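**Q** So that we are looking at the same thing, I have put the structure below in structure tokens.
The values are calculated or read from the model by the stated rules, or taken from the named source; none is laboratory data. Since this is a predicted model, take the numbers as computed values, not measurements. So basically every Cβ, Gly included, is an ideal-geometry build from the backbone, and we count neighbours across all protein chains shown.
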Amino acid sequence: MLILAIESSCDETAAAVVKDGRDVLSNVISSQIALHTIYGGVVPEIASRKHIENIDDVIMEAVRKANVTLEDVDAIAVTYGPGLVGALLVGLAEAKALAFALKKPLIGVHHIEGHICANYIENKAFEPPFISLVVSGGHTHIVYVPEYGKYEILGKTRDDAVGEAYDKVARAIGMGYPGGPKIDVAAKKGNPQAIDFPRVFLEEDSYDFSFSGLKSAVLNYINKAKMMEQKIVAEDVAASFQAAVIDVLVEKIMRAAEQKGVHRIALAGGVASNSALRQTMKQQCEQKGYELNIPAPILCTDNAAMIACAGYYEYQKGIRHSLDLNANPSLKLGEVL
């Protein structure tokens, strides 16, 4: 079964053709990072306009690379939430037009479900049940996946997503946008024990996260150092901040796996590309005898192959959407129209 998928939830215009849910024939991504770096972050209106400019070319390139025709595909999958509403609408309008013209089924896909499903592409033998840590610019979730297409959110952030905290801290220490990769690189040159930033674990039995206090602690440290005319070592700030984040993420995901009695853990989302997080998770899973699956960095970023994979399992469940499907920027995981 061939699925053509479209992803446009933020600032990447992406299209992919995937066979039987896991065999990627093409995965084309047009990134806008260079454009939004000028403004220090994603500008929604600019992102939407660039999607309109790029989407036809990206889709045709995906079809060409897969060595198929549009008529060959069996279904059209598309992200319809969550994300930037203008950006989502571009991809959704394109998908509906293709589904109508080609007389193919339309499958709306949750963006975070796509990130989780990227693990099935990376490891074709990987399957539920497992616990997934979803870490991105907009989300920080611990999700229990008992079977394909079923999701139980055990915990989520109560304020900033972890990727958002990375971006804000990077901006504060003069590293600019995008913050995640830049802090990852800088932290390798710094001392993670130089500054004792707080680890926020919340209530004893909670799997929720809170990063606003940690972000404020970093900003307060920087402001105090400036007022006292003390030297700020950006690499030490980055390393100490990152260590505080990873300590909390790893502690909670391990506790969730133990509580659910599962021995498979998966990472998902853009922050899953972070080298320190990947290494720490690997060490902890080896100590506990857990199986760890982490997608390649290209599958951690926003891409359409993961949407095709999620769409395949939705299709197998009988999910079809009509042409009045609308974008839902605050779509909850597990919500089905």
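**Q** Taking the stretch 254-295 on its own, how many of its residues are of a type in the set (Gly, Ala, Ser) and outside any helix (DSSP H, G or I)? Let's see the steps before the verdict.
**A** Initial filter on the stretch 254-295 (of a type in the set (Gly, Ala, Ser)): 256-257, 261, 266, 268-270, 272-273, 275-276, 289.
Now drop any that are not outside any helix (DSSP H, G or I), which leaves 261, 266, 268-269, 289.
So the count comes out to 5.
**Q** What are the residues in the stretch 87-125 that are outside any helix (DSSP H, G or I) and at pLDDT 95 or above, if any? Step through it out loud before you land on a result.
**A** From the stretch 87-125, those outside any helix (DSSP H, G or I) are 103-110, 123-125; that's our starting set.
Hits for the stretch 87-125 are Lys103, Lys104, Pro105, Leu106, Ile107, Gly108, Val109, His110.
**Q** From the list Ala5, Ala62, which one is crowded, with 21+ Cβ neighbours inside 10 Å, closer than 19 Å to Ala305 by Cβ and more than 17 Å from the chain's Cα centre (by Cα)?
**A** On the way: Ala5 fails: more than 17 Å from the chain's Cα centre (by Cα).
That would be Ala62, the only listed residue that is crowded, with 21+ Cβ neighbours inside 10 Å, closer than 19 Å to Ala305 by Cβ and more than 17 Å from the chain's Cα centre (by Cα).
**Q** Any residue at all in the stretch 46-66 that's in contact with a Phe, Trp or Tyr (Cβ under 7 Å, 6 or more places away or on another chain) and not aromatic (Phe, Trp, Tyr)?
**A** No, every residue in the stretch 46-66 fails to be in contact with a Phe, Trp or Tyr (Cβ under 7 Å, 6 or more places away or on another chain) and not aromatic (Phe, Trp, Tyr).
**Q** Taking the conditions exactly as written (closer than 30 Å to Lys103 by Cα and assigned by TED's automatic domain parsing to the domain that holds Gly91), does Ala305 satisfy them or not? Break it down stepwise before answering.
**A** Values: closer than 30 Å to Lys103 by Cα: yes; assigned by TED's automatic domain parsing to the domain that holds Gly91: yes.
Here the answer is yes, as Ala305 does meet what is asked.
**Q** If we scan the stretch 67-79, do we find a residue that is buried (at least 18 other Cβ atoms within 10 Å of the Cβ), in contact with a strand residue (DSSP E or B) (Cβ under 7 Å, 6 or more places away or on another chain) and assigned to a loop (DSSP other than H, G, I, E, B)? Talk me through it step by step, then tell me what you get.
**A** Initially, the stretch 67-79 is screened for residues buried (at least 18 other Cβ atoms within 10 Å of the Cβ), giving 73, 75-79.
Checking the rest, the ones that are also in contact with a strand residue (DSSP E or B) (Cβ under 7 Å, 6 or more places away or on another chain) come to 73, 75-79.
Next, only the ones that are assigned to a loop (DSSP other than H, G, I, E, B) stay: 73.
Yes, the stretch 67-79 contains a residue that is buried (at least 18 other Cβ atoms within 10 Å of the Cβ), in contact with a strand residue (DSSP E or B) (Cβ under 7 Å, 6 or more places away or on another chain) and assigned to a loop (DSSP other than H, G, I, E, B).
**Q** Would you be able to tell me the number of residues in the stretch 149-179 that are farther than 21 Å from His115 by Cα and aliphatic (A, V, I, L, M)?
**A** Number of matching residues: 5.
**Q** Restricting attention to the stretch 215-248, report how many residues are among the basic types (Lys, Arg) and under 28 Å from Glu204 (Cα atoms).
**A** So in the stretch 215-248, the residues among the basic types (Lys, Arg) come out as 215, 224, 226, 231.
Still in the list and also under 28 Å from Glu204 (Cα atoms): 215.
Result for the stretch 215-248: 1.
**Q** Hey, among Val169, Val185, Val218, which residue is within 17 Å of Ala272 (Cβ to Cβ) and either acidic (Asp, Glu) or assigned to a helix (DSSP H, G or I) (or both)? Spell out how you get there, then give the answer.
**A** Values: Val169 fails: within 17 Å of Ala272 (Cβ to Cβ); Val218 fails: within 17 Å of Ala272 (Cβ to Cβ).
After applying the criteria, what remains is Val185.
**Q** Have a look at Ile253, Ile246 and point out the one that is under 17 Å from Ile116 (Cβ atoms), modelled with pLDDT of 95 or more and not basic (Lys, Arg). Break it down stepwise before answering.
**A** Values: Ile246 fails: under 17 Å from Ile116 (Cβ atoms).
Result: Ile253 is the single residue among Ile253, Ile246 that is under 17 Å from Ile116 (Cβ atoms), modelled with pLDDT of 95 or more and not basic (Lys, Arg).
**Q** Would you call Gln230 part of a helix (DSSP H, G or I) and either more than 15 Å from Thr157 (Cβ to Cβ) or in contact with a Lys or Arg (Cβ under 9 Å, 6 or more places away or on another chain) (or both)? Step through it out loud before you land on a result.
**A** Values: part of a helix (DSSP H, G or I): no; either more than 15 Å from Thr157 (Cβ to Cβ) or in contact with a Lys or Arg (Cβ under 9 Å, 6 or more places away or on another chain) (or both): yes.
Against the criterion (part of a helix (DSSP H, G or I) and either more than 15 Å from Thr157 (Cβ to Cβ) or in contact with a Lys or Arg (Cβ under 9 Å, 6 or more places away or on another chain) (or both)), Gln230 does not qualify.
**Q** Sort out which residues of the stretch 160-213 are in contact with a Gly (Cβ under 7 Å, 6 or more places away or on another chain), without any contact (Cβ under 8 Å) to a residue 60 or more places away in the chain and either β-branched (Val, Ile, Thr) or in the same structural domain as Gly41 (by TED's automatic domain parsing) (or both), and write them in order of number.
**A** Answer for the stretch 160-213, where residues must be in contact with a Gly (Cβ under 7 Å, 6 or more places away or on another chain), without any contact (Cβ under 8 Å) to a residue 60 or more places away in the chain and either β-branched (Val, Ile, Thr) or in the same structural domain as Gly41 (by TED's automatic domain parsing) (or both): just Val200.
**Q** Go through the stretch 24-66 residue by residue and tally those that are in contact with a Lys or Arg (Cβ under 8 Å, 6 or more places away or on another chain) and not small (Gly, Ala, Ser).
**A** 4
**Q** Taking Pro146, is it over 30 Å from Val42 (Cβ atoms) and in contact with a Pro (Cβ under 7 Å, 6 or more places away or on another chain)? So that I can check it myself, show each step before the final result.
**A** Working: over 30 Å from Val42 (Cβ atoms): yes; in contact with a Pro (Cβ under 7 Å, 6 or more places away or on another chain): yes.
Answer is yes for this residue.
**Q** On to the next question. For residues in the stretch 266-287 being small (Gly, Ala, Ser) and under 18 Å from Met306 (Cβ atoms), which is modelled with the lowest pLDDT?
**A** Residues of the stretch 266-287 that are small (Gly, Ala, Ser), as a first pass: 266, 268-270, 272-273, 275-276.
Now narrow it down to the ones that are under 18 Å from Met306 (Cβ atoms): 266, 268-270, 272-273.
On the way: Ala266: 97, Ala268: 96, Gly269: 94, Gly270: 91, Ala272: 94, Ser273: 94.
The qualifying residue modelled with the lowest pLDDT is Gly270.
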